[in-house]
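S.K.: There's a structure below that I have some questions on.
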Amino acid sequence: MPFVYYIPEQDTEAMQKPMDAERLLRCLGASGKLSGFPCAAYMVEQVREDPERIRLITKRLYRETARKFRISPSSVERDLRTLIRSCWEEPDRSFLEHVAGRALSKPPTNSEFIDMLAAFLRK
């Protein structure tokens, strides 16, 4: 079954804007009120710009993100897991699977999630 987007007529102008990490996360059902939301958006954009950054996610990307948002690296990791869980628990996972490019039988890991969102945005 093909994936169909419904865009109300008044929102077609908004769709002319390029997709960024924040909009993509919201499309996946993530709420901006989650503490991991800004961190996830930042990390996705960092990996989007430089795909090699995903290789050292725990040693480099978490630490850099923690410094930027003035929290601990373990908080970054935990908050990202919480955000992924909220996306996974959406009743309709079809867009998440579209972004992943495959059917998902379990929630993606932190690095898989960041990598697949960044790759989707690079298209």
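S.K.: Can you give me the ranges of the helices (runs of 4 or more DSSP H) entirely in the stretch 57-105 with at least 3 residues that are in contact (Cβ under 8 Å) with a residue 40 or more places away in the chain and within 14 Å of the chain's Cα centre (by Cα)?
M.R.: 73-88, 94-100
S.K.: Here is a follow-up. Are any residues in the stretch 109-123 surrounded by 13 or more Cβ atoms within 10 Å (Cβ to Cβ) and either modelled with pLDDT under 95 or over 18 Å from Leu61 (Cα atoms) (or both), and if so, which ones?
M.R.: Phe120, Leu121
S.K.: Follow-up. Just to verify a result, which residue in the stretch 54-64, among those that are touching a Pro at 6+ places or on another chain (Cβ under 8 Å) and surrounded by 14 or more Cβ atoms within 10 Å (Cβ to Cβ), is farthest from Met43 (Cα to Cα)?
M.R.: It comes out as Arg63.
S.K.: For the structure I just gave you, tell me whether Glu45 is outside any helix (DSSP H, G or I), touching a residue at least 24 places away in the same chain (Cβ under 8 Å) and acidic (Asp, Glu).
M.R.: Against the criterion (outside any helix (DSSP H, G or I), touching a residue at least 24 places away in the same chain (Cβ under 8 Å) and acidic (Asp, Glu)), Glu45 does not qualify.
The values are calculated or read from the model by the stated rules, or taken from the named source; none is laboratory data. Since the model is a prediction, treat every value here as computed from it, not as a measurement. Virtual Cβ from ideal backbone geometry, glycine too; neighbours counted across all protein chains shown.
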